[in-house]
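Engineer: Let me give you the structure first, and then I'll get to my questions.
The values are calculated or read from the model by the stated rules, or taken from the named source; none is laboratory data. Source: prediction; values computed, not measured. Here the Cβ is made from the backbone with ideal geometry for all residues, glycine too, and neighbour counts use every protein chain on show. Accessible surface areas use protein heavy atoms only, side chains included; no ligands, DNA or RNA. Shrake-Rupley method; radii C 1.70, N 1.55, O 1.52, S 1.80 Å.
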Amino acid sequence: MYNLFSVKVLRGAFLLVLAGLLVSCHEPEPTPKPTPTPVDGGSYRGMYILNQGLMNSNNSTISYFDFATGEVTMDMFKDVNRRGLGDTGNDLLLYGSKMYAVVNVSNLVEVINVADCKSIKSISTPGRQPRHAISHAGKIYVSCFDGSVLKIDTTTLEIEATATAGANPEGICIANNKLYVANSGGLNYPNYGHSVSVFDLGTFTKLTDIEVGLNPCGLQSDYQGDVYVNSIGNYRDVPPRLQRIDTKTDSMVQTFDVPVTNFCIHDQKAYLYSFDYSTQKSTFHVLNVGTEQIISNNFIVDGTFIETPYGIAVNPENGDVFIGDAFMSLYDGNVYCFNNAGRCQYTFEVGRNPGTMVFVK
Amino acid sequence: MKRCLFLITFLLCCFAGSLYSQEDTVTKVHHLKEVGVVVEKNSDKGQSVPVQVLPYEKLQALPAVQLSDALKFMSGVVVKDYGGVGGLKTVAVRGFGAQHTAVAYDGIAASDCQTGQIDLSRFMLGNTESVSLNSGSDDYIFLPARLFASSSVLNIKTVRPVFEDNKPVNLKAELAGGSFGYISPSLLLENRIAKRKSDGKPLVTSSIYANYLYSKGNYPFTIYDGGAGDSTSSERRTNSDVRAMTGEANIYVHFNTFSELHLKGYFYYSNRGLPGPIIYYTTQNDNRLWDRNGFVQVSYYNYFTPKFAYQVNAKFNDAWQRYLDPHYLNEAGKLDNEYRQQEYYLSNAFWYHPHRLISLSLANDLLYNDMQSNLPDFVEPGRFTSLTSLSAFFDSRHVDVRASVLHTFVYNHAKRGEAAPKVSRFSPSASVVVRPWLSEHFYIRMFYKNIFRLPTFNDLYYRDVGSVNLKPENTHQVDLGVEYHKRFFSQKMNLFVSADGYYNRVDNKIVAIPVRNLFFWSMYNFGKVEIGGVDAQLTYSYQIIEPLAVELSANYSFQHAVDKTDKNSKIYNHQIPYTPRHSGSGVFTVRTKWIDVAYTLIVSGARYSMPQNNEANFMPAYTDHSLLLAHEFDLRKVKLGLKFELLNLANKHYEVIRYYPMQGRSFRARLTLTY
């Protein structure tokens, strides 16, 4: 009796072991990728996408999307330079024939040739933690988390001068011949910052501080010379909001009562999105920056679902809106292309946490 | 009613206990204690759950200084080692996160309510008698309820004083040193304070253990700026130093064979650099961590009658931690955070043996945890937990069956802000072991266990991003295994083999996700993981002639641990991070008259550092070979032990956790004086 019983159990045990071994042979199948098809990019040949990666993981990448073939090169910087871009690429700025990748944790500004993605120079900024960059008249201005703003000459690629803004500067923009820097104070939890510093571009000295909402981050100017800032709030009772700064008086003049995590201005329109991590809900608004009116409460009209919007950019020529989806930062992202009517045209895969996108000729 | 009965029996026994003639019980008690305490692989009982034991002699043959080193030689275990002596070391058993493994130190669980995981680098093996790892619940049911409340239990038993030839004092002094500034002296002193009048055996004994450890940890490594074949640079680990002190005092009162009181005081202090991950193109790493932990615990048991026993365990634990980032870019220009937590613990357990075949156990554990910090607006959370377990064990010649149910009640509160909701849950587990032929030590076992882990204080309350609405992470385990041991040639040759296949599931896995920017992370109940695995072990030993013996032990683990959260995601069916499909270890020991030699091998298959199984996250397989040489000189009253370890012989530079390089080739030497 025991014999029979044990043989049965034994067989069961070995079947389980065998099943386990069989499962091991079954490697996960790669998700089928859509066959690349050419897309319309206007006169642009393609776009570079800076994927932030994850902090402390050295996995920032620059993906290249080719409009003519519809193909993606996932990690173009590494393919070309035989080394990784570094840790937490936070911003990518295109200026002339060069791109400037601001790599936060690796503490450098990587100067890259646009034509072939070859590194020209790594400008080291030890301990400063660079965050965002903007260009003006042959210079690059870089905001750094240590409170400094760096002025880099685009010919010598040397740091020419350093100015001091407030706590943990994030967004940086130029309007009305002045430089604006958002002092997020993001590392001063719970006492986040609430000012934007204004610098004279000629003397590179601070003119004034403008009082804005809590935790200001993104900063962009429109065609009228207005500056828009989104203040992230405190992730608790102060919601993220978009505000308008009049650059003639250098004061905050308007608050838009819609949540804004990130935005992008193209011509007359500002595309605003928000993502609430506690509810995991997104919103997509469109603002007319000429009339300063919200003209759409839901930009995406065809029901395309974006799980975690992480970056936004507009093709300056045809007005296509590109939104990066980070999928809760769990794995590689996607970029969705919408026409200006809010219909998804196509989508492609990029690296982890796609944040900044630039269009190149 | 049952409790009332127990109480009456208990009171009666208090008076009657000493009058009993307990000849028969001795074997039973010892048997039970053995099962619970040190399960010898060749003991007569097969276990209904997989138990892996590293007894003292085995630990000595391993290149192990810290507990985590020893666990690398167990199957189904992934030791997450952040490199160096001071690097964090946690353990993942059978695909579950570190929070699912309880660590019991002399029978009482160690805890960290802030992170839920215990840093295993702090447990030094100098005074360790044995280390064992149970998956599922123990066959030995007379235990505190808390040891039923996790997926697996790691038991650390410290050395108990044993006095030979009427010697009242034992002394062991040790000095160890090695590469990269490693030095570690330790001392163990044991005293027999009083003898029993009745039989002359020790009544009161004590032991004191102290250990100091310093390691500079400035070992070399190579960075690959992209991947294998890409540009590289050779560097040295910086800010990897560690200074640690451990002190422990024990008092044992052996009232008689059936009852004992054990008092323990423990102190730990460490000050270490946090070298952090290797970051490309920058070297700044000057964060530091200080830990101070003290606890006192008391255990008392009494087998009042052959049918009834009682034990009480109590503990007070106080832990303090300081984290310093001297270059944090806030207004203060630094991050200097202190965390403090306390635990008050009381456990009562009753054991009742109404019939030759049946025993029952009822245990209740009460815990109170709280935590303070100098973080601004810190919520100061507290948690009251009551665990009640009821277990039954049926013990026959052919079949053993164990069944338990655990009830958990948790009440959370917070001084500021919202507290997490109450939890009340029942968690069942059952196991069975069958011995088909009494002539053979061949066993077939099967177990099922359902248990969960609570969100930690960090998960629930950390800054603005903790989430009080997190649900517990729920686990299911099913295991089917076989075990066989045999002794040949008048016990000179021993063979032990076991193999287990298992299926585990995790629901509501708690996952960290960055909030807007990568500086803020928040916790979500996001994942579902399924794990199918196999653990296999083999031990063979042969005493060829009296001083010459060989022993071989080998382990193999297979883990198919895959994400099952969302069919449409890019990681569905992908192997979870840091979990190799195949891994194993081997130890080969030769003992001769002149020298003992051990060769050890650790093998890990390829893994991924992130949930997505792509090239960017791929981490290659590695092997780690070590060689140990040891000899003991007998100098009449004193024994002098010498041990030399050559670690990572092949000088293979590998990482267990990505960008935390492990030490290359190095050596350690140890001198031990025993009186």
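Engineer: Work out the P(r) tail for the range B:127-174: percent of alpha carbon pairs separated by more than 12 Å, whole number.
Structural biologist: Every Cα pair in the range B:127-174 considered, those over 12 Å come to 72 percent.
Engineer: If you roll a 1.4 Å probe over the range B:40-674 with all protein chains in place, what percent of the accessible area is carbon or sulfur?
Structural biologist: Roughly 59 percent of what the probe reaches on the range B:40-674 is carbon or sulfur.
Engineer: Straight-line reach from A:Lys121: which lysines have Cα under 19 Å away, leaving out those fewer than 8 places along the same chain?
Structural biologist: List returned: A:Lys78, A:Lys98, A:Lys139, A:Lys151.
Engineer: Semi-axes of the range B:297-368's equivalent ellipsoid from the Cα gyration tensor, sqrt of 5 times each eigenvalue, largest first, rounded to whole Å?
Structural biologist: Sorted largest first and rounded, they come to 48, 11, 8 Å.
Engineer: Which trypsin sites (Lys or Arg not before Pro) from the range B:144-217 combine a DSSP loop assignment with at most 12 other Cβ atoms within 10 Å?
Structural biologist: Counting only loop positions with at most 12 other Cβ atoms within 10 Å, the trypsin sites (Lys or Arg not before Pro) in the range B:144-217 are B:Lys197.
Engineer: What length, rounded to one decimal in nm, is gained on full extension from B:Leu552 through to B:Tyr368, with 0.36 nm per residue of separation minus their alpha-carbon distance?
Structural biologist: 61.7 nm
Engineer: Could you pull out the chymotrypsin sites (Phe, Trp or Tyr not before Pro) across the range A:199-253 that fall in loop regions by DSSP (anything but H, G, I, E, B) with no more than 12 other Cβ atoms inside 10 Å?
Structural biologist: A:Tyr223
Engineer: Can you work out the base-10 log of I(q)/I(0) for the protein assembly as shown at q = 0.08, 0.09 1/Å, using the Debye formula on its C-alpha atoms alone?
Structural biologist: For the protein assembly as shown at q = 0.08, 0.09 Å⁻¹, log10 I(q)/I(0) is -0.87, -1.05.
Engineer: In Å², nearest 100, what accessible area do chains A and B bury in total when the solvent probe is 1.4 Å?
Structural biologist: Result for this pair: about 6000 Å² buried.
Engineer: Once the cut-off is 18 Å, how many percent of the Cα-Cα pairs in the range A:63-164 end up in the long-distance tail?
Structural biologist: 44
Engineer: Extension gain B:Tyr344-B:Lys486, at 0.36 nm per residue separation less the Cα-Cα distance, in nm?
Structural biologist: 46.6 nm
Engineer: Now a separate question. As an exercise, use a Förster radius of 56 Å and the Cβ-Cβ distance of B:Lys201 and A:Thr162 to find the FRET efficiency, rounded to the nearest 0.05.
Structural biologist: Efficiency computed from Cβ-Cβ geometry: 0.10.
Engineer: Which semi-axes, in whole Å and largest first, does the equivalent ellipsoid of the range B:371-465 have when worked out from the alpha carbon gyration tensor as the square roots of 5 times its eigenvalues?
Structural biologist: They are 44, 13, 9 Å, listed largest first.
Engineer: If the viscosity is 0.890 mPa s and the temperature 25 °C, what translational diffusion coefficient in µm²/s does Stokes-Einstein give for the range A:212-361 when Rh comes from Kirkwood over Cα pairs?
Structural biologist: Roughly 157 µm²/s, to the nearest whole number.
Engineer: Quick one: accessible area per residue over chain B, 1.4 Å probe, rounded to a whole number of Å²?
Structural biologist: So chain B comes to 40 Å² accessible per residue, rounded to a whole number.
Engineer: Using protein chains only (no ligands, no nucleic acids) and a 1.4 Å probe, work out which residues of the range B:521-536 have their accessible area cut by at least 40 Å² relative to the chain alone.
Structural biologist: Residues of the range B:521-536 that lose at least 40 Å² of accessible area once the other chains are added: B:Tyr524, B:Phe526, B:Val534.
Engineer: Got a sec? Which residues of the range A:221-247 lose 40 Å² or more of accessible surface with every protein chain in place, vs. that chain alone, 1.4 Å probe?
Structural biologist: Correct list: A:Tyr235.
Engineer: What is the log10 of I(q)/I(0) for chain A, computed with the Debye formula using one identical point scatterer on each Cα and no solvent, at q = 0.09, 0.10, 0.14, 0.15 Å⁻¹?
Structural biologist: -0.51, -0.61, -1.18, -1.37
Engineer: Mind checking the range B:426-494 for GluC sites (Glu not before Pro) that DSSP puts in a loop (not H, G, I, E or B) and that have at most 16 other Cβ atoms within 10 Å?
Structural biologist: When the GluC sites (Glu not before Pro) of the range B:426-494 are filtered for loop state and at most 16 Cβ neighbours within 10 Å, B:Glu440 remain.
Engineer: Could you list, bin by bin from short to long, the percent of Cα-Cα pairs of the range B:192-350 in 5 Å steps?
Structural biologist: 2, 7, 11, 12, 12, 11, 9, 8, 7, 7, 6, 4, 3, 1, 0, 0
Engineer: Hey, what did the range B:40-674 get for relative contact order, percent, Cα under 8 Å, at least 6 apart?
Structural biologist: 12
Engineer: In addition: All other residues with a Cβ under 9 Å from the Cβ of B:His476 taken together, and with Lys, Arg as +1 and Asp, Glu as -1, what is their net charge?
Structural biologist: Counting the neighbours of B:His476, the net charge comes to +1.
Engineer: Further, regarding this structure: Run the paramagnetic zone check for A:Val253: 7 angstrom along Cα to Cβ, then residues of the range A:272-305 with backbone nitrogen under 20 Å.
Structural biologist: Only A:287-295 fall inside the zone, counting backbone N under 20 Å.
Engineer: Can you classify the range B:82-175 as rounded, prolate or oblate using the Cα gyration tensor, where a ≥ b ≥ c are the square roots of its eigenvalues, rounded means a/c under 1.5, and otherwise it's prolate if a/b beats b/c and oblate if not?
Structural biologist: oblate
Engineer: Another question, then. Highest GNM mean-square fluctuation, chain A, Cα pairs closer than 10 Å: which of A:Gly89, A:Gly138, A:Gly70?
Structural biologist: Residue with maximal mean-square fluctuation among A:Gly89, A:Gly138, A:Gly70: A:Gly138.
Engineer: If you don't mind, there's one more thing I want to ask. When the accessible area of each residue in the range A:113-129 is compared between its chain alone and the complete protein assembly (1.4 Å probe; ligands, DNA and RNA ignored), which residues differ by at least 20 Å², being lower in the assembly?
Structural biologist: Correct list: A:Gly127, A:Gln129.
Engineer: Within 10 Å of each Cβ of B:274-287, how many other protein chain Cβ atoms are there on average?
Structural biologist: Across the residues of B:274-287, the mean count of other-chain Cβ atoms within 10 Å is 5.
Engineer: Any idea how far the Cα center of the range B:364-436 sits from the one of the range B:158-208, in Å?
Structural biologist: Cα centroid of the range B:364-436 versus Cα centroid of the range B:158-208: 35 Å apart.
Engineer: Return the long-range amide H neighbours of A:Leu214 (sequence gap of 5 or more, or a different chain), with a cut-off of under 5 Å between placed amide H atoms.
Structural biologist: Hits under the 5 Å cutoff: A:Gly233.
Engineer: Using bins 20 angstrom wide from zero, how does P(r) for chain B break down, in % of all Cα pairs?
Structural biologist: Taking all Cα pairs of chain B, the binned fractions are 17, 54, 28, 2 percent.
Engineer: In the full protein assembly as shown, how much of A:Thr247 is accessible to a 1.4 Å probe, in Å² to the nearest 10?
Structural biologist: 10
Engineer: Can you give the angle from 0 to 90° between the axis of helix A:2-25 and the longest principal axis of chain A, with both taken from C-alpha atoms, to the nearest 10?
Structural biologist: That helix lies at roughly 40 degrees to the long axis.
Engineer: Sorting A:His194, B:His254 by accessible area (1.4 Å probe), largest first, what list results?
Structural biologist: Listed by decreasing accessible area, they come as A:His194, B:His254.
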